[in-house]
């Protein structure tokens with residue numbers, strides 16, 4: 001009887017891999033299915049994400065003037081885009097609305113009512129809450 005058959009009989013294994021150990025996973029010997037109706041993706045030749053067109057642009061820019069780091073960032077298509085000019089105005093509008101909402105949301109807290117809301121010029125009188133003498137516990 002061969003030694004591998006003896007070992008298989010001892011340990012209950014039917015397959016002997018490298019150094020007598022059984023492999024964890026056997027890789028499939030077929031290619032992944034690709035539908036003829038689906039998109040046909042092809043990755044172009046590149047070096048660290050820079051294809052031939054971008055390399056030519058970098059080379060031409062190198063010949064004409066020194067490359068500024070921001071131009072390299074744009075050429076490499078990083079996901080960071082410069083902010084639009086009206087972004088600050090939009091953020092200020094949202095901040096103002098959030099602040100006004102927070103004031104009116106917390107307006108019934110006695111400390112906020114007394115220190116902030118009663119001092120607002122036109123609507124301050126609305127937040128003056130007088131307790132009737134019969135309801136006052138003191």
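The values are calculated or read from the model by the stated rules, or taken from the named source; none is laboratory data. For clarity, every value in this text was computed on a predicted model and none was experimentally measured. Glycine gets a Cβ as well: all are built from the backbone with ideal geometry, and neighbour counts include every protein chain shown.
Scanning the range 66-87 for residues that are surrounded by fewer than 12 Cβ atoms within 10 Å (Cβ to Cβ) and either part of a loop (DSSP other than H, G, I, E, B) or modelled with pLDDT of 80 or more (or both) yields a total of 12. Counting the residues of the range 1-50 that are modelled with pLDDT of 60 or more and on the phi > 0 side of the Ramachandran plot gives 4.
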